[in-house]
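Note sheet for the following structure.
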Amino acid sequence: MSVFNLFRDRSATSVAGALAAALGVSVLFYYWVAPEKKVQDFVGPPRSGYVLTNFHLDSFNEDGKLAFVLIAPHLERREGDDSLYINSPDFVLPSVKDPTSPPWKGHSQYGWVNKDGSLLKLQGKVHMDRVAFLTNPPASIDTSEVTAWPKENRLETAEAARIVQGTSTMDGVGMRANLDSKHLELLDAVHTVYQPRKR
(Lines give C-alpha, C1' and ligand atoms only; values in the text may rest on other atoms or scores of the structure.)
Protein backbone atom coordinates (compact mmCIF):
# COMPACT_ATOMS: atom_id res chain seq x y z
CA MET A 1 0.00 0.00 0.00
CA SER A 2 1.42 3.35 -1.00
CA VAL A 3 1.41 6.49 1.14
CA PHE A 4 -1.02 8.01 -1.35
CA ASN A 5 -3.45 5.14 -0.83
CA LEU A 6 -3.02 5.41 2.93
CA PHE A 7 -4.03 9.08 2.86
CA ARG A 8 -6.85 8.35 0.45
CA ASP A 9 -8.26 5.58 2.63
CA ARG A 10 -7.91 7.44 5.93
CA SER A 11 -10.19 10.11 7.27
CA ALA A 12 -9.29 13.82 7.20
CA THR A 13 -8.67 13.74 10.97
CA SER A 14 -6.04 11.04 10.64
CA VAL A 15 -4.29 12.98 7.86
CA ALA A 16 -4.31 16.21 9.90
CA GLY A 17 -2.87 14.37 12.91
CA ALA A 18 -0.08 12.88 10.82
CA LEU A 19 0.79 16.27 9.35
CA ALA A 20 0.79 17.92 12.80
CA ALA A 21 3.14 15.23 14.14
CA ALA A 22 5.46 15.70 11.15
CA LEU A 23 5.44 19.45 11.67
CA GLY A 24 6.25 19.07 15.39
CA VAL A 25 9.18 16.76 14.63
CA SER A 26 10.55 19.17 12.03
CA VAL A 27 10.32 22.16 14.46
CA LEU A 28 12.12 20.21 17.18
CA PHE A 29 14.78 19.15 14.68
CA TYR A 30 15.27 22.79 13.60
CA TYR A 31 15.82 24.03 17.17
CA TRP A 32 18.18 21.14 17.82
CA VAL A 33 20.46 21.89 14.84
CA ALA A 34 20.00 25.71 14.60
CA PRO A 35 22.97 27.87 15.76
CA GLU A 36 22.66 29.78 19.03
CA LYS A 37 21.70 33.43 18.86
CA LYS A 38 24.61 35.87 19.11
CA VAL A 39 24.80 37.67 22.43
CA GLN A 40 24.52 41.44 22.07
CA ASP A 41 27.61 42.55 24.02
CA PHE A 42 27.66 46.19 22.86
CA VAL A 43 26.88 48.37 25.85
CA GLY A 44 27.36 51.84 24.40
CA PRO A 45 28.08 55.10 26.20
CA PRO A 46 26.80 55.66 29.75
CA ARG A 47 23.24 56.87 29.89
CA SER A 48 21.98 59.69 32.05
CA GLY A 49 19.76 58.71 34.93
CA TYR A 50 18.26 62.18 34.61
CA VAL A 51 19.04 65.61 33.24
CA LEU A 52 18.37 68.94 34.97
CA THR A 53 18.42 72.40 33.46
CA ASN A 54 18.82 75.67 35.37
CA PHE A 55 19.21 73.90 38.69
CA HIS A 56 20.29 74.89 42.21
CA LEU A 57 21.96 72.21 44.35
CA ASP A 58 22.68 72.51 48.10
CA SER A 59 24.90 69.78 49.59
CA PHE A 60 25.22 69.30 53.36
CA ASN A 61 27.83 67.52 55.48
CA GLU A 62 27.20 64.87 58.13
CA ASP A 63 26.54 67.58 60.76
CA GLY A 64 23.81 69.15 58.65
CA LYS A 65 25.91 72.19 57.76
CA LEU A 66 26.04 73.53 54.22
CA ALA A 67 29.08 72.03 52.44
CA PHE A 68 28.70 73.62 49.00
CA VAL A 69 26.24 75.12 46.55
CA LEU A 70 26.15 74.59 42.78
CA ILE A 71 24.07 76.62 40.34
CA ALA A 72 24.32 75.75 36.65
CA PRO A 73 22.37 75.54 33.40
CA HIS A 74 22.88 71.79 32.85
CA LEU A 75 23.43 68.68 34.99
CA GLU A 76 23.45 64.99 34.08
CA ARG A 77 23.36 62.13 36.57
CA ARG A 78 25.06 59.04 35.19
CA GLU A 79 23.70 55.56 35.84
CA GLY A 80 26.08 53.14 37.48
CA ASP A 81 28.12 55.42 39.74
CA ASP A 82 25.44 58.11 40.39
CA SER A 83 27.97 60.88 39.77
CA LEU A 84 26.92 64.31 38.54
CA TYR A 85 28.34 65.98 35.41
CA ILE A 86 27.78 69.73 35.31
CA ASN A 87 28.24 72.41 32.65
CA SER A 88 29.40 75.93 33.55
CA PRO A 89 28.71 75.81 37.31
CA ASP A 90 28.73 78.75 39.69
CA PHE A 91 29.69 77.50 43.13
CA VAL A 92 29.75 78.62 46.75
CA LEU A 93 32.15 77.08 49.29
CA PRO A 94 31.16 78.30 52.78
CA SER A 95 33.38 77.99 55.82
CA VAL A 96 32.50 74.82 57.69
CA LYS A 97 34.00 75.88 61.05
CA ASP A 98 33.49 79.66 61.03
CA PRO A 99 29.99 80.76 59.99
CA THR A 100 31.03 84.44 60.30
CA SER A 101 33.65 84.03 57.57
CA PRO A 102 32.30 84.88 54.10
CA PRO A 103 32.19 82.04 51.60
CA TRP A 104 34.35 81.63 48.53
CA LYS A 105 32.28 82.10 45.39
CA GLY A 106 33.37 81.19 41.91
CA HIS A 107 32.86 79.72 38.50
CA SER A 108 34.37 76.90 36.42
CA GLN A 109 33.82 75.60 32.90
CA TYR A 110 32.73 72.14 34.03
CA GLY A 111 32.13 70.30 37.27
CA TRP A 112 31.86 66.77 38.58
CA VAL A 113 30.50 65.55 41.93
CA ASN A 114 30.79 62.00 43.26
CA LYS A 115 27.83 60.06 44.64
CA ASP A 116 28.03 61.18 48.28
CA GLY A 117 29.14 64.75 47.58
CA SER A 118 32.51 64.34 49.32
CA LEU A 119 34.54 65.04 46.16
CA LEU A 120 34.05 67.96 43.79
CA LYS A 121 36.09 68.55 40.64
CA LEU A 122 36.07 72.03 39.13
CA GLN A 123 37.33 71.52 35.59
CA GLY A 124 38.66 73.90 32.98
CA LYS A 125 39.39 77.48 34.04
CA VAL A 126 38.43 78.24 37.64
CA HIS A 127 37.94 81.65 39.25
CA MET A 128 37.14 82.18 42.94
CA ASP A 129 36.51 85.32 45.04
CA ARG A 130 36.11 86.07 48.74
CA VAL A 131 35.02 89.49 49.97
CA ALA A 132 36.90 91.41 52.66
CA PHE A 133 35.99 90.77 56.29
CA LEU A 134 37.38 91.93 59.64
CA THR A 135 41.09 92.60 58.98
CA ASN A 136 41.26 90.29 55.94
CA PRO A 137 41.39 92.01 52.55
CA PRO A 138 39.41 90.68 49.58
CA ALA A 139 41.00 87.71 47.83
CA SER A 140 40.74 85.91 44.50
CA ILE A 141 42.15 82.73 42.97
CA ASP A 142 42.57 82.04 39.26
CA THR A 143 43.64 78.52 38.27
CA SER A 144 42.29 75.37 36.58
CA GLU A 145 41.50 71.71 37.26
CA VAL A 146 40.72 72.02 40.97
CA THR A 147 39.97 69.01 43.15
CA ALA A 148 37.97 69.96 46.23
CA TRP A 149 36.82 68.14 49.36
CA PRO A 150 33.99 70.52 50.28
CA LYS A 151 32.95 68.74 53.46
CA GLU A 152 36.51 69.30 54.72
CA ASN A 153 36.81 72.72 53.04
CA ARG A 154 40.06 71.74 51.29
CA LEU A 155 41.10 72.08 47.67
CA GLU A 156 44.16 71.60 45.50
CA THR A 157 45.43 71.76 41.95
CA ALA A 158 48.62 70.83 40.13
CA GLU A 159 48.12 73.63 37.58
CA ALA A 160 49.36 77.22 37.53
CA ALA A 161 47.59 79.45 40.03
CA ARG A 162 47.39 83.15 40.82
CA ILE A 163 46.32 84.35 44.26
CA VAL A 164 45.52 88.02 44.76
CA GLN A 165 44.94 89.18 48.31
CA GLY A 166 44.67 92.86 49.01
CA THR A 167 47.70 94.51 47.40
CA SER A 168 49.76 91.32 47.00
CA THR A 169 49.84 88.97 44.03
CA MET A 170 51.31 85.45 44.16
CA ASP A 171 51.88 83.24 41.12
CA GLY A 172 53.00 79.62 41.20
CA VAL A 173 52.45 76.10 39.97
CA GLY A 174 50.45 73.78 42.19
CA MET A 175 48.30 75.00 45.05
CA ARG A 176 46.83 73.64 48.26
CA ALA A 177 44.27 75.47 50.33
CA ASN A 178 42.39 74.99 53.57
CA LEU A 179 39.55 77.47 53.43
CA ASP A 180 38.67 77.06 57.13
CA SER A 181 42.15 77.92 58.37
CA LYS A 182 42.55 80.50 55.54
CA HIS A 183 45.81 78.78 54.56
CA LEU A 184 46.83 79.02 50.89
CA GLU A 185 50.05 77.41 49.69
CA LEU A 186 51.75 77.59 46.28
CA LEU A 187 54.03 74.62 45.68
CA ASP A 188 56.50 75.51 42.91
CA ALA A 189 57.87 78.37 40.77
CA VAL A 190 56.47 80.95 43.19
CA HIS A 191 56.68 84.65 42.35
CA THR A 192 55.22 87.26 44.69
CA VAL A 193 54.61 90.98 44.22
CA TYR A 194 53.73 93.19 47.18
CA GLN A 195 52.36 96.63 46.40
CA PRO A 196 53.00 99.30 49.03
CA ARG A 197 49.96 100.33 50.98
CA LYS A 198 48.53 103.77 50.39
CA ARG A 199 49.14 106.24 53.23
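Annotation: amide H of Ser168 within the under-5 Å range of Gln195, sequence separation 5 or more or interchain, hydrogens built in the peptide plane. Between Asp81 and Glu185, residue separation times 0.36 nm minus the direct Cα-Cα distance comes to 34.2 nm.
The C-alpha radius of gyration of the stretch 55-198, expressed as a fraction of 2.2 N^0.38 Å, stands at 1.06.
Evaluated at q = 0.25, 0.30 Å⁻¹, the base-10 log of the normalised Debye intensity for the stretch 103-164, with identical point scatterers placed on the Cα atoms, takes the values -1.09, -1.31. For the stretch 100-125, backbone nitrogen atoms closer than 20 Å to the point 7 Å from Lys65 Cα along Cα-to-C-beta are found at 100-106, 116-120. Look at where the Cα atoms of the stretch 162-199 and of the stretch 62-102 average out, and the two centres are 25 Å apart.
When the pairs Lys115/Lys182; Lys97/Lys125; Lys121/Lys182 are compared against a 23 Å limit on Cα-Cα distance, Lys115/Lys182; Lys97/Lys125 fall above it.
Accessible area of Leu187 (1.4 Å probe, protein heavy atoms only, ligands and nucleic acids ignored): about 80 Å². Here Lys105 is the anchor, and the aspartates and glutamates within straight C-alpha reach of less than 17 Å, apart from those fewer than 8 places off in the same chain, are Asp58, Asp90, Asp129, Asp142, Glu145, Glu152, Glu156, Asp180.
The values are calculated or read from the model by the stated rules, or taken from the named source; none is laboratory data. Treat the numbers as computed from the prediction; the structure is a model and nothing was measured. Here Cβ is always computed from backbone atoms with ideal geometry, including for glycine, and neighbour counts include all displayed protein chains. Keep in mind that these areas ignore ligands, DNA and RNA; they rest on the heavy atoms of the full protein, side chains included. Shrake-Rupley method; radii C 1.70, N 1.55, O 1.52, S 1.80 Å.
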